[in-house]
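Working notes for the structure below.
The values are calculated or read from the model by the stated rules, or taken from the named source; none is laboratory data. Please read these numbers as outputs of a predicted model, since none were measured by experiment. Cβ placement follows ideal geometry from the backbone for every residue including glycine, while neighbour counts extend to all protein chains displayed.
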Amino acid sequence: MEQTDCLDREHTLVKGVPFHECGEEFLGPEEAEPLVLRPPPGGFPPVFSVPELVFYCFTEEARQACEQAGLKGLWWHPQP
């Protein structure tokens, strides 16, 4: 499975701080407010993982972030 860089680390906030400044490597349940994804250059591959979201649980924020990034009809399942 290809890893894809689509997490917007500047606009995704963790405890009010941009993700790239918060000191976390992965997002956990209910930590991102808001979660912001962006399409990677060349678009999304058919099957991919987002390393920072490996432990992130499905939330309404995650669903909305996927829709806003143009990802529709996804089966959201955190990978171990």
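Restricting attention to region 29-49, which residues are aliphatic (A, V, I, L, M) and either in contact with a Cys (Cβ under 6 Å, 6 or more places away or on another chain) or not in a loop (DSSP other than H, G, I, E, B) (or both)?
A32, L37
For region 29-52, how many residues meet the condition of being at pLDDT below 80 and within 17 Å of E10 (Cα to Cα)?
1
Residue under question is F55, and the condition is that it be in a loop (DSSP other than H, G, I, E, B), surrounded by 12 or more Cβ atoms within 10 Å (Cβ to Cβ), of a type in the set (F, W, Y) and at pLDDT 85 or above; does it hold?
Details: in a loop (DSSP other than H, G, I, E, B): yes; surrounded by 12 or more Cβ atoms within 10 Å (Cβ to Cβ): yes; of a type in the set (F, W, Y): yes; at pLDDT 85 or above: no.
No.
Scan region 17-43 for residues that are touching an Asp or Glu at 6+ places or on another chain (Cβ under 8 Å) and surrounded by fewer than 12 Cβ atoms within 10 Å (Cβ to Cβ) and jot them down.
E25
Among the residues of region 1-53, write down those that are farther than 15 Å from L71 by Cβ and aromatic (F, W, Y).
Matches in region 1-53: F19, F26.
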